[in-house]
1. Working only within the stretch 192-226, note down all residues that are among the polar types (S, T, N, Q) and either assigned to a loop (DSSP other than H, G, I, E, B) or crowded, with 18+ Cβ neighbours inside 10 Å (or both).
2. Identify the residue in the stretch 227-253 that is among the aliphatic types (A, V, I, L, M) and assigned to a helix (DSSP H, G or I) and, among all such residues, is farthest from G283 (Cα to Cα).
3. Report yes if S538 is among the small types (G, A, S) and either buried (at least 21 other Cβ atoms within 10 Å of the Cβ) or under 23 Å from K606 (Cα atoms) (or both), otherwise no.
4. Is it the case that the stretch 83-94 has a residue that's in contact with a helix residue (DSSP H, G or I) (Cβ under 8 Å, 6 or more places away or on another chain), within 30 Å of P329 (Cα to Cα) and surrounded by 15 or more Cβ atoms within 10 Å (Cβ to Cβ)?
5. Just to be sure before I move on: is V424 surrounded by fewer than 19 Cβ atoms within 10 Å (Cβ to Cβ), on the phi < 0 side of the Ramachandran plot and not assigned by TED's automatic domain parsing to the domain that holds S653 in the structure I sent?
6. Restricting attention to the stretch 541-584, and to residues there that are assigned to a loop (DSSP other than H, G, I, E, B) and over 23 Å from the mean Cα position of the chain (by Cα), which single residue is modelled with the highest pLDDT?
7. Specify which of the listed residues (R67, R98) is at negative phi, touching a strand residue (DSSP E or B) at 6+ places or on another chain (Cβ under 9 Å) and among the basic types (K, R).
8. Select, from W206, W190, the only residue that is more than 27 Å from M713 (Cα to Cα), in contact with a helix residue (DSSP H, G or I) (Cβ under 9 Å, 6 or more places away or on another chain) and among the aromatic types (F, W, Y).
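The values are calculated or read from the model by the stated rules, or taken from the named source; none is laboratory data. Just so it is clear, the model here is predicted, and its values are computed rather than measured. Counting neighbours? That spans all protein chains shown, and the Cβs are built from the backbone with ideal geometry, glycine included.
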Amino acid sequence: MNAAILCLAFIAGLLSTAFVWGGYAVLSIGIVASVFIKRFWRGSPKPQVWLIAGVIGLLASLYFQARIPQPAKNDISQLIENQQQVVTVQGEITSTPRLTRSQRGQFWLATSWLEGSKVTGKVYVTVPLLQATGLYPGQRIAVTGVLYQPSIATNPGSFDFRAYLARESTFAGLSGRRVEVTEGQEFPKWGWWKIRQKIVRSQVRWLGSPEGPLVSSMVMGGRAVDLPYDIRDLFVQVGLAHALAASGFQTSLILGVMLALLRRFSVVLQTCFAGGALLLFLGLTGVQPSVLRAVIMGFAVLVAIGTKRKVKPLGSLLLAATLLLLFNPLWIWDLGFQLSFLATLGLLVTVPPLIKRLDWLPVAIATLMAVPLAATLWTLPLQLQVFGVVPLYSLIVNVLSTPLISVISIGGIISAIASIIYPVVGSALAWLLYYPIHFLIGLIGFFAQLPGNSINVGRISVLQLLMVYGLIVLVWLQPWWQKRLWLAGVMAMSIVLIPMWHTQATVFQATVLGTTNEPVLVIQDQGKVLLINSGDVSTVRFAVLPFMQQQGVNQIEWAIATDRESYQSWKEISKRLSVKNFYTPTNSIEASVRRPEQTIVAGTAKIQIHKSNVLQLQIKEQTWLLLDNVAPDEQKQLASTKKLPHAQVLWWSGETLEKEVLATVKPEVAIASAINVDADIISLLSRDKIQLFWTGRDGAIQWTPQERFKATMDEVENGAALL
């Protein structure tokens, strides 16, 4: 009991780093508990234990702060002066090159020289695919390209690239153009990457793609294999992302197979070979928190078998978490680490009571249903807080796919072992899995095509997250709540859905997304949404859809496209969101198409279309004017013919802005959807005392009737400074 309290205090101290002075709050709780807890809990540990727990919590928060990566004085990121300057960086590759969504090769480079100056630190490198072909970890190379500072999240809900790199102790990126291999290097005779490559090639040889890479991903994890992104996205969309993550499922299969094969041998031999198999699995998948947790718990099982003692699963899980966080406290905020431990905890404490409640079913079917349901119950609140999405058919898909995943994983493990020894045999064994894999892909594709396969509910707050997990813990520990599961379920749904419904019903805001290639505006009007422009496919994937997901938007009532060549972008949106009314200069998209030269009434907003690229918007009491890629001569003509109205907000795509337009429109605020704004334009706007925002500097710009205009990147940087 005492050890468990101290371990929990250490974890609580790390979690407290989410709040200012959180470590001192844990210390205060420990002091209060040491004084008063005996009055409420007679079997409580001694007061000294609670006091020590509080001190450990404080020390854990300080330990976390001390381990936060910081760039050294000669780190390569300190030498970024011009983000357009082409430089040559020398260093050693530390990861296997992988394929990005933009079809470029990506790897990590431990730097040593930059243009003749000695440097340290890692960089995130992307290069043309042909330049990355044949590269391997440990190879010394020189990369010529543009060194840049990674960007922070420019839109609500979008990916924070800078934070991601910082967690990897990296503070710079390099967009490479050319790679030169340093001469005089010997090809390595051994390496985990060579074994991994051998397995993948063997399994792909007769299975082809995507079946071969999928088998390899289910054995070694998606991070170790280049699985096509369309297949990866299907698994994520239906709630099966865990099948592609190396974790406890594969570890339990490896242990089960090894112990079954060696059951006639001595316990020592079983333990040694099974332990070796776990270490092989760890080497092939790489050092990932979820894999380390699974391997540590696997060794706990082997120790228990070797010493003939009973395993305490909860104690093993808590010990594994503590050891891993002592090794790297930053993993406390690693999503894979969090989901892995929550899912495992759910399997340990929730599966047995669920199987009892399903005793009217055969045991195999009851277990098949209880396992995914328990994992979902414990991980769904965190997924809602991070992603704000509910995969509607997740439970059904998990139940139907578990037998297939088990067969494919076991067969894949056996094929992988055979591939190391004799690749042709590995290929033959992998070929036997063709029909199970093909059926699994078809099953997932079927559910992914069903309407409402995922519902955006919006991200829940930390307070909502804690309240829902508080209810789950009460149901786990308290018999009174166990008898009233319906009440706990209703309360949990109310905690999540009522604030979401209230926000959707009352919110009114206009958001200019932080895009740099095309102006994009989202207006939310009491549950109804207007979207003006979509940007390119990349903008849709990394800006528009994440924002809609965070806001809990599932349907766009009105959509307007000023770009005549945005068909693929709108098609990408329509895969995820329903679009009721659509305006476009052409009739290329099937929808309720509205004609030019009309006034569109979208809720309380009115949009008057002067030309395909000139829009006048009436948003509450404000008039907005959009000029989307309007040429200078055309701007002067519009101003001289007095076709431009007076508007409080002038929103343009960042190119040249003529002074005649400013004189005619007389805006109070100017918004540019561009990376940079010309210095002359900035001077002109400043002279006329016009407030200027631009997405390249400020990120997304939001307007509400109460708070007026605010920039997303200001909020992000202020929050970072506070932490």
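1. The initial filter retains those residues of the stretch 192-226 that are among the polar types (S, T, N, Q), namely 197, 202-203, 209, 216-217.
Of everything in the stretch 192-226, those that are among the polar types (S, T, N, Q) and either assigned to a loop (DSSP other than H, G, I, E, B) or crowded, with 18+ Cβ neighbours inside 10 Å (or both) turn out to be S202, Q203, S209, S216, S217.
2. Our first condition is that a residue be among the aliphatic types (A, V, I, L, M); within the stretch 227-253, this holds for 227, 231, 234, 236, 238, 240-241, 243-246, 253.
Applying the additional criterion that residues be assigned to a helix (DSSP H, G or I) yields 231, 234, 236, 241, 243-244, 253.
Values: I231: 25, L234: 27, V236: 25, A241: 21, A243: 19, L244: 17, L253: 17 Å.
So, considering only residues that are among the aliphatic types (A, V, I, L, M) and assigned to a helix (DSSP H, G or I), the one farthest from G283 (Cα to Cα) is L234.
3. Taking the combined requirement at face value, the residue does not satisfy it.
4. First pass over the stretch 83-94, keeping only residues in contact with a helix residue (DSSP H, G or I) (Cβ under 8 Å, 6 or more places away or on another chain): 89.
Narrowing the set further to residues that are within 30 Å of P329 (Cα to Cα) leaves none.
Scanning the stretch 83-94 turns up no residue that is in contact with a helix residue (DSSP H, G or I) (Cβ under 8 Å, 6 or more places away or on another chain), within 30 Å of P329 (Cα to Cα) and surrounded by 15 or more Cβ atoms within 10 Å (Cβ to Cβ).
5. Numbers: surrounded by fewer than 19 Cβ atoms within 10 Å (Cβ to Cβ): yes; on the phi < 0 side of the Ramachandran plot: yes; not assigned by TED's automatic domain parsing to the domain that holds S653: yes.
Criteria met by V424.
6. Going through the stretch 541-584, the residues assigned to a loop (DSSP other than H, G, I, E, B) turn out to be 552-554, 561-566, 577, 584.
Filter once more, keeping what is over 23 Å from the mean Cα position of the chain (by Cα): 561-566, 584.
Working: A561: 86, T562: 80, D563: 73, R564: 66, E565: 67, S566: 73, T584: 76.
That would be A561.
7. Details: R67 fails: touching a strand residue (DSSP E or B) at 6+ places or on another chain (Cβ under 9 Å).
The conditions single out R98.
8. Values: W190 fails: in contact with a helix residue (DSSP H, G or I) (Cβ under 9 Å, 6 or more places away or on another chain).
The unique qualifying residue is W206.
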